[in-house]
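First up is the structure itself, then whatever we jot down about it.
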Amino acid sequence: MKNILFRSFPVILAIVLPIAFPGCTSKPDQPATLGSANETTIYSPTPWFTQQGIASWYGGRWIGRLTANGERYRAGDMTAAHKKLPFNTRVRVTDLKTGKQVIVRINNRGPFIRGRIIDLSVVAAKKLGTYDRGLAKVKIEALREIPQIKKPNLTRAKTAPKASPTPSPQPSPTPRASSKPPIPKGRR
């Protein structure tokens, strides 16, 4: 009986601890995304930078290494490397052969091979359809995000403090009636 309890103790702990202490459990690193599933990013229709050339992809020994902006390179992120565009710039990459498009975020520098203009992450190359080919003729467009209102600018006003009731209008002063009866006009 003791052996059964002793052997099942780690299993019991693995079940009970996450339930008892949900904030203390570790979660695997989530890949960075360009937005949540119910959040849509809107970009200006006119790009502020356009370029055509050859796109390649990189992975392999670069996975896990630091990128030029200090992040770790993850093959599952929609990122890319460009020689000059500022970090965190969103770039629409269009495969000129197929017309497919992806939007990536610039987080690295490169490619440093003549004729190439952008290095895509592994998942970006797969979504674009250029992973198996290795190289592709592309057009890149640097996009300008249109800010959206995340919270409404009108909020429900708190209940106003109750004002004291307005006084009812007072009748205009009338002359006081004297205690003597009025004198008829004809008798004076």
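Taking into account only those residues within the stretch 35-52 that are hydrophobic (A, V, I, L, M, F, W, C) and modelled with pLDDT of 90 or more, which is nearest to residue 94 (Cα to Cα)?
Step by step, filter the stretch 35-52, then rank; the result is 49.
Any idea which of 55, 14, 32 is of a type outside the set (Lys, Arg) and modelled with pLDDT of 60 or more?
55
The values are calculated or read from the model by the stated rules, or taken from the named source; none is laboratory data. Owing to the predicted nature of the structure, the values given are computational and were not obtained by experimental measurement.
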